[in-house]
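Enquirer: To start, I am sharing the structure in question, which I have written as structure tokens.
The values are calculated or read from the model by the stated rules, or taken from the named source; none is laboratory data. Since the model is a prediction, treat every value here as computed from it, not as a measurement. Here the Cβ positions follow ideal geometry from the backbone for every residue, glycine too, while neighbour counts run over all protein chains shown.
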Amino acid sequence: MFRDSSATRLSADPRLRVWATVARRVSGLSWLAGLVMVMTVLATVYALTDPATLSARFASVRWSWFVAAAILLLSEGCFTAWRLRVFTPGPPSFRACLHISAWFVLFLVALPARVGEVAAAFLLKHFAGQSTAPALTNLLTQRALDLMFLIAVFLLLSAAVSSLPSGPEVLGLAIALFVALAIGVWRLEQLLALAANATLRAGNITGVGIFRSLARAALKARSWRRHYLTTSVMSMGFVVTLLKWLANLGGLALLLHAFGVPVGWAEKFLLAAAFNFLAVVPLQTVGGVGLSEVGLAGALVAFGLTLEDAVAISVLVRLVLIVSPLVFWSTITFGVRD
């Protein structure tokens, strides 16, 4: 899906070099499958969308709340840049991290099947000089913190939202996943050491060079974890992650309020958390379009909205979440010098 090619040549325009490199490494089959899935989902959404309801929802937008939501959603990119600076050795300049964050959100919107997550490792190497294996481990650690925070929000809000249809099995699964992620982050150095030993033994037994390369990569990642990811760095990472998700969930909750979703604030934050959970699923679509919208529409129907209203709100939310990364990217790319 994400193939490396040493023959890749960057375009002359420095603002297009990153896109040219990453886009050429995504296989044509992934692009085709993603576009087909997007067209299928959009056709389904179009069939369910009532133009009159969509127009009425847009006409009734509470613009003061909408502007507040947009500010929070755009500020998430700045918190993402701050967290990248916290977790990356150097550290790189905040301007460089803003560029990484800007390209990262653009790739998440534009590339299929969450390939933007993998492309972020290239961004860290391009802008911050971090080698591939530590960069991937850096990003994996940040993503684990994200999931832990979302699970914690779900567990807290599940007690406040009485209408949430989550039984003990769902709560138990959420707690088990949270514990597993916490152990993985806390014992990351030991896990990487085990991975290095296992792949090195496999290489010695089979004689296949790829295992030795994987062992070296695991050892480089382990070195980053041991020598850089100290308790103080991890503590700061927790704080910035909290701020990042307050901006994200707060922005989505305000956005739902601006579109007139008639539920309480706890329900709005829960819907925002669920939307983000579904966005993590690597569905083969460009920008992850589809699963989150279907999930949000279904949740809104469960909270009492009509299907037409639920689909209209889901479409409007998706449009905002497509435009806001483009606004952030263009602002940073053309307005902030690296």
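Enquirer: Could you go through the stretch 182-196 and let me know if any residue there is surrounded by 13 or more Cβ atoms within 10 Å (Cβ to Cβ), of a type outside the set (D, E, K, R), in contact (Cβ under 8 Å) with a residue 60 or more places away in the chain and under 18 Å from Gln130 (Cβ atoms).
Expert: no
Enquirer: Residue check: is Pro89 under 22 Å from Trp186 (Cα atoms) and outside any helix (DSSP H, G or I)?
Expert: Yes.
Enquirer: Out of Phe259, Phe269, Phe275, report the one residue that is closer than 21 Å to Ser75 by Cβ and either free of Cβ contacts under 8 Å to residues at least 60 places away in the same chain or among the basic types (Lys, Arg) (or both). Before the answer, list the steps.
Expert: On the way: Phe259 fails: either free of Cβ contacts under 8 Å to residues at least 60 places away in the same chain or among the basic types (Lys, Arg) (or both); Phe269 fails: either free of Cβ contacts under 8 Å to residues at least 60 places away in the same chain or among the basic types (Lys, Arg) (or both).
Being closer than 21 Å to Ser75 by Cβ and either free of Cβ contacts under 8 Å to residues at least 60 places away in the same chain or among the basic types (Lys, Arg) (or both) holds for just one of Phe259, Phe269, Phe275, which is Phe275.
Enquirer: Would you say Glu76 is part of a helix (DSSP H, G or I), among the acidic types (Asp, Glu) and over 30 Å from Ala196 (Cα atoms)?
Expert: So Glu76 fits the description; yes.
Enquirer: Here are Val320, Val327, Val233, Val261: which of them is out of contact with any Leu (no Cβ under 9 Å at 6 or more places or on another chain), among the aliphatic types (A, V, I, L, M) and at pLDDT 90 or above?
Expert: Values: Val320 fails: out of contact with any Leu (no Cβ under 9 Å at 6 or more places or on another chain); Val327 fails: out of contact with any Leu (no Cβ under 9 Å at 6 or more places or on another chain); Val261 fails: out of contact with any Leu (no Cβ under 9 Å at 6 or more places or on another chain).
That would be Val233, the only listed residue that is out of contact with any Leu (no Cβ under 9 Å at 6 or more places or on another chain), among the aliphatic types (A, V, I, L, M) and at pLDDT 90 or above.
Enquirer: Could you figure out which of (1) in contact with a Phe, Trp or Tyr (Cβ under 9 Å, 6 or more places away or on another chain); (2) surrounded by fewer than 20 Cβ atoms within 10 Å (Cβ to Cβ); (3) in a helix (DSSP H, G or I) isn't true of Thr53?
Expert: With (1) in contact with a Phe, Trp or Tyr (Cβ under 9 Å, 6 or more places away or on another chain); (2) surrounded by fewer than 20 Cβ atoms within 10 Å (Cβ to Cβ); (3) in a helix (DSSP H, G or I) applied to Thr53, the lone miss is (1).
Enquirer: List every residue pair whose Cβ atoms lie under 8 Å apart, where the two residues are 6 or more positions apart in sequence or sit on different chains, the first residue falls within the stretch 54-68 and is closer than 13 Å to Leu255 by Cβ, and the second residue, located anywhere, is loosely packed, with under 14 Cβ neighbours inside 10 Å.
Expert: Cβ pairs passing all conditions: none.
Enquirer: Related question: Give Phe122, Phe79 a once-over and let me know the one that is touching a Leu at 6+ places or on another chain (Cβ under 9 Å) and either of a type in the set (A, V, I, L, M, F, W, C) or in contact (Cβ under 8 Å) with a residue 60 or more places away in the chain (or both).
Expert: Numbers: Phe122 fails: touching a Leu at 6+ places or on another chain (Cβ under 9 Å).
The unique qualifying residue is Phe79.
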